[in-house]
Amino acid sequence: FATYVDNNAGAIVNYGERYRCGERISTGFVESAVNQVIARRFVKKQQMRWTLRGAHLLLQVRTQVLNDELRASFERWYPRFGAQAQVPLAA
């Protein structure tokens, strides 16, 4: 457990801090993401095989999407990503 905490310290949510800042502390959005992945995996038309690492990475990305943090991560990983001109999408 200590190894897990050490390796994932940056991704572990401090619910006390979130509560004090008036932010959502429910895990419902996480459960929803897990249910989506599981439901999609067991649909017979879309069978997928997940490695433990692959499932973990998918949930990390899904969590960043829900927290509006994915763009910042891409800009950190790929510094030129945010430098591109943003073209508005056509309606």
Task: Neighbours by Cβ (under 9 Å, 6+ apart or cross-chain): first from the range 4-20, closer than 17 Å to GLU69 by Cα; second open to solvent by less than 60 Å² (accessible area, probe 1.4 Å) and in a helix (DSSP H, G or I) - done: ALA11/THR63; ILE12/VAL5
Open item on the list: Out of everything in the range 40-55 that is open to solvent by less than 90 Å² (accessible area, probe 1.4 Å) and at pLDDT below 75, what residue ends up being farthest from GLY16 (Cα to Cα)?
Closed with: GLN46
Task: Of residues in the range 1-36 being at pLDDT 80 or above and of a type in the set (Lys, Arg), the one most open to solvent (accessible area, probe 1.4 Å) - done: ARG20
Task: Selection within the range 2-19 - under 14 Å from VAL30 (Cβ atoms) and charged (D, E, K, R) - done: ARG18
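The values are calculated or read from the model by the stated rules, or taken from the named source; none is laboratory data. All values reported here derive from a predicted model rather than from experimental measurement. Backbone-built Cβ (ideal geometry, glycine too); neighbour counts: all protein chains shown. Surface accessibility is based on the protein's heavy atoms, side chains included, excluding ligands, DNA and RNA. Shrake-Rupley method; radii C 1.70, N 1.55, O 1.52, S 1.80 Å.
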